[in-house]
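Participant: What follows is a single structure, and I will ask about it in a moment.
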Amino acid sequence: MTLGVGLSACAGVQSALDPAGHEAREVATLFWVMLIGAAVVWTAVIGVAVYASRFKSGPYDDAVGHRVILWGGVAFPTVVLAGLLVYGLGLMPKLREPGEGLRIDVSGEQFWWRVTYRPKDGAAVASANEIRIPVGERVEFALTSPDVIHAFWIPALGGKVDMIPGRVNRLVLKAEKPGVYRGACTEFCGASHALMAFDVRVMEKPAFEAWLKAQSAPPPSAKGQDLFTRHGCGACHQVSGTDAKGEVGPELTRFGDRLTVGAGLLPNTPKNVARFIRETDTLKPRSKMPAYSALSNEDALEIANWLGSLK
Ligand code: CUA
């Protein structure tokens, strides 16, 4: 029962032990090999200790003692640890092979994710707080940060990499199963570090390409857009095809398509978006976005509805 509960915690959209990508599978296998190796060694050592203290009466002679130390204390650990080390190091070049074309720049910000798709052929596409990738393709991520150190980790797809100001770190991931997975920031980066997640949507290649292509069409307009403009949201946010050209906050051109608002904070519903606009300071402490508490609930909802219509 306890074991069942324990193991069920290892499955799901954010588990390194439930791999949905090539790199994650390699790392998970390494984990199990190391774990089983450690368990075997531990059992052997404890077994010898129990034998010596419970079943063996009186001391061994010196020759036996020396042999035990030489074989059990020097030779055996050297061989086992060297084997595990070679196996572990052998993985590294495999995890560093180059990508197959699509590059995605991701920048960790306080406290959200700036995402830019750079397809081999075609213009760059800006987005935020959600990453879409095609299944079965080695996608290269270029990871950086403008402020403090964040860390980029999609446990179901691969290992984690730090995002360091002034540096670009590379990570290549190949997803093997379509679906929605969850990534998170895994380096303490400030008050809302724990509120900095993102969804990763792994799509079939044709659907992904159609989606990427559709990103360049201008969005529909509405009353909410008017309010969005009048309250100056465009100073920080960008909605392509409109006057909103801000770069400080998350890009919002296809916001309606995203699963969450606030970098994985709440499900993306108009009510939650309106709440996020009016209560940013309490929902996401130290976020650079001020709370628009002076905005009426109705107006916030109008803006939220318009943002929700951007697909
Ligand atoms: Cu960003 Cu922790």
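Participant: Of all residues in the stretch 34-58, count the ones that are open to solvent by 60 Å² or more (accessible area, probe 1.4 Å) and in contact with a helix residue (DSSP H, G or I) (Cβ under 8 Å, 6 or more places away or on another chain).
Facilitator: So the answer is 2.
Participant: Test of understanding: among ALA175, ALA151, ALA156, ALA214, which residue is closer than 26 Å to PRO134 by Cα, open to solvent by less than 70 Å² (accessible area, probe 1.4 Å), free of Cβ contacts under 8 Å to residues at least 60 places away in the same chain and more than 16 Å from the ligand (Cβ to nearest atom)?
Facilitator: Of the residues listed, the single one that is closer than 26 Å to PRO134 by Cα, open to solvent by less than 70 Å² (accessible area, probe 1.4 Å), free of Cβ contacts under 8 Å to residues at least 60 places away in the same chain and more than 16 Å from the ligand (Cβ to nearest atom) is ALA214.
Participant: Only residues in the stretch 15-37 that are of a type in the set (Asp, Glu) count as the first member; pair them with residues that are surrounded by 17 or more Cβ atoms within 10 Å (Cβ to Cβ) and assigned to a helix (DSSP H, G or I), Cβ under 9 angstrom, at least 6 apart or cross-chain, and list the lot.
Facilitator: Sorted first by the residue in the stretch 15-37, then by its partner, the pairs are ASP18/ALA24; ASP18/ALA28.
Participant: Restricting attention to the stretch 261-277, and to residues there that are β-branched (Val, Ile, Thr) and surrounded by 20 or more Cβ atoms within 10 Å (Cβ to Cβ), which single residue is nearest to the chain's Cα centre (by Cα)?
Facilitator: It comes out as VAL261.
Participant: While we're on this one: Checking LYS271 against (1) at pLDDT 90 or above; (2) part of a loop (DSSP other than H, G, I, E, B), only one condition comes out false. Which one?
Facilitator: Tallying (1) at pLDDT 90 or above; (2) part of a loop (DSSP other than H, G, I, E, B), LYS271 fails exactly one: (2).
Participant: Checking TYR117 against (1) under 12 Å from the mean Cα position of the chain (by Cα); (2) assigned to a strand (DSSP E or B): exactly one of these is not met. Which one?
Facilitator: Every listed condition holds for TYR117 apart from (1).
Participant: Another question, if that's okay. Testing TYR117 on (1) within 16 Å of the ligand (Cβ to nearest atom); (2) crowded, with 17+ Cβ neighbours inside 10 Å, one condition comes back false. Which one is that?
Facilitator: (1)
One line per residue, one yes/no per condition, for (1) within 23 Å of LEU95 (Cβ to Cβ); (2) within 11 Å of the ligand (Cβ to nearest atom); (3) buried (at least 16 other Cβ atoms within 10 Å of the Cβ):
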| residue | (1), (2), (3) |
| --- | --- |
| ARG170 | yes, no, no |
| ALA194 | no, yes, no |
| GLU204 | no, no, no |
| GLU209 | no, no, no |
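Participant: Let me confirm something: among ARG182, ARG138, which residue is within 18 Å of GLY262 (Cα to Cα), basic (Lys, Arg) and touching a residue at least 24 places away in the same chain (Cβ under 8 Å)?
Facilitator: Being within 18 Å of GLY262 (Cα to Cα), basic (Lys, Arg) and touching a residue at least 24 places away in the same chain (Cβ under 8 Å) holds for just one of ARG182, ARG138, which is ARG182.
Participant: Would you check which residues across the stretch 178-190 are open to solvent by 50 Å² or more (accessible area, probe 1.4 Å) and either under 21 Å from GLY88 (Cα atoms) or more than 10 Å from the ligand (Cβ to nearest atom) (or both) and list them?
Facilitator: If the condition is that a residue be open to solvent by 50 Å² or more (accessible area, probe 1.4 Å) and either under 21 Å from GLY88 (Cα atoms) or more than 10 Å from the ligand (Cβ to nearest atom) (or both), then PRO178, VAL180, ARG182 are the ones that fit.
Participant: Restricting attention to the stretch 278-295, report how many residues are within 25 Å of the chain's Cα centre (by Cα), part of a helix (DSSP H, G or I) and surrounded by 13 or more Cβ atoms within 10 Å (Cβ to Cβ).
Facilitator: Count: 3.
The values are calculated or read from the model by the stated rules, or taken from the named source; none is laboratory data. Keep in mind it's a predicted model, so treat the numbers as computed, not measured. Positions of Cβ are generated from backbone atoms using ideal geometry, with glycine treated the same way; all protein chains shown enter the neighbour counts. In case anyone asks, the SASA skips ligands and DNA or RNA and just uses the protein heavy atoms, side chains included. Shrake-Rupley method; radii C 1.70, N 1.55, O 1.52, S 1.80 Å.
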